[in-house]
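First up is the structure itself, then whatever we jot down about it.
The values are calculated or read from the model by the stated rules, or taken from the named source; none is laboratory data. All values reported here derive from a predicted model rather than from experimental measurement. Cβ atoms come from the backbone with ideal geometry, glycine included; neighbour counts cover every protein chain shown.
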């Protein structure tokens, strides 16, 4: 499959997502403009607005770092995740309690490591 074909599939997927969400809210996207931000937005925006019947798009200065800026402004979070595969008829409650305790200790360690110290 060519790079153009892959790009076309990505653009169509994005256009379909916009269509679904705007129809749900009763909006006519053709009456709006698109602001392209994020690393690959300038690559996709022209085809996207064409597919959606939108006449205007804007690529702001430094558009490629828009997602990074959002990432830096997002609240800090941390997730502790484990998987445990066992048949329900062999359910080991003590093993589950042990895993939850380990997860709690891991999360507590992360929180403590991130605490500010007094000057």
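Numerical summary
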item	result
Unique residue being touching a residue at least 12 places away in the same chain (Cβ under 8 Å) and surrounded by 14 or more Cβ atoms within 10 Å (Cβ to Cβ) when the list is 82, 19, 47	47
Matching helices (runs of 4 or more DSSP H) fully within the range 28-119 where at least 3 residues are modelled with pLDDT of 90 or more and touching a helix residue (DSSP H, G or I) at 6+ places or on another chain (Cβ under 9 Å)	41-52
Tally of residues being at pLDDT 90 or above and in a loop (DSSP other than H, G, I, E, B) across the range 1-25	1
